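What follows is a short report on a single structure.
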Amino acid sequence: MSGPRQPPPSQVESVERRKVLLHLLENRVSVDEQRAVCAARFAMKPAQVDRLRKLLEAELLESDRELLPLTRAKQVGRLHAHIQGARRDKSWNAVAALERTLAQVQGTLEPVQVNVSVEATVRDAVGAVLAGLSRPQLECLLTTGELVPELGPAPTRPTH
């Protein structure tokens, strides 16, 4: 059984509750810590804190949506400035990376279609194997269909 119903908070306390919980949300404080702070400071129950948090999160999400065009415009301006600086410095790798980022921000980055030919891949792999064979191994493979086992261990790279 629940006790007597608490009177609603005053307008001043409502504003203070929102400010405190918003501060906790912005600082990524855990839900349990949010509940503890609000319980200690405002005698709020966990369900009250949860309702207020959901309301604030919805307001923040809507605010972010409204600011998205402005944020994107600022990003584009900064990227153009960085691209110009990289061009002046002839830092072509930086220019390419910044141009790619700009395309992502503007939503114009097209996925690259990669066509892999199995025949070409197999042909390249076989060519690489054959290129690595010694002349005796290659002659043995061509005449018997088998590779001559290596004589001794393979040479190793010095580790310095």
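Remarks
- Qualifying residue in the stretch 31-49 (condition: loosely packed, with under 11 Cβ neighbours inside 10 Å, without any contact (Cβ under 8 Å) to a residue 40 or more places away in the chain and not small (Gly, Ala, Ser)): yes
Quick grid of which residues meet (1) closer than 30 Å to LEU98 by Cβ; (2) modelled with pLDDT under 95:
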site: PRO9; (1), (2): no, yes
site: LEU21; (1), (2): no, yes
site: ARG35; (1), (2): no, no
site: THR71; (1), (2): yes, yes
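- Being among the acidic types (Asp, Glu) and either in contact (Cβ under 8 Å) with a residue 24 or more places away in the chain or in contact with a Lys or Arg (Cβ under 7 Å, 6 or more places away or on another chain) (or both) is true of GLU57.
- Pairs where the first residue, in the stretch 94-115, is at pLDDT 85 or above and surrounded by 14 or more Cβ atoms within 10 Å (Cβ to Cβ) and the second is small (Gly, Ala, Ser) and not in a loop (DSSP other than H, G, I, E, B), C-beta under 7 Å, 6+ apart: ALA94/ALA86; VAL95/ALA86; LEU98/ALA86
- Taken over the stretch 17-30, the residue count meeting the criterion of being of a type in the set (A, V, I, L, M, F, W, C), in contact with a Cys (Cβ under 8 Å, 6 or more places away or on another chain) and in contact (Cβ under 8 Å) with a residue 24 or more places away in the chain is 1.
- Only one entry in ARG17, ARG28 is of a type in the set (Lys, Arg) and assigned to a loop (DSSP other than H, G, I, E, B), namely ARG28.
- Checking ARG65, ARG72, ARG87 one by one, the residue that is under 30 Å from GLU26 (Cβ atoms) and surrounded by 13 or more Cβ atoms within 10 Å (Cβ to Cβ) is ARG72 and no other.
- Search result, residues across the stretch 42-82 that are among the acidic types (Asp, Glu) and farther than 16 Å from VAL20 by Cα: GLU62, ASP64, GLU66
- Residue selected from the stretch 117-135 under the condition over 16 Å from LEU147 (Cβ atoms), of a type outside the set (A, V, I, L, M) and exposed (fewer than 10 other Cβ atoms within 10 Å of the Cβ), by the criterion farthest from the chain's Cα centre (by Cα): GLU119
The values are calculated or read from the model by the stated rules, or taken from the named source; none is laboratory data. Note that the structure is predicted; figures quoted are calculated from it, not measured. In this analysis, Cβ positions are derived from the backbone assuming ideal geometry, glycine residues included, and neighbour counts consider all displayed protein chains.
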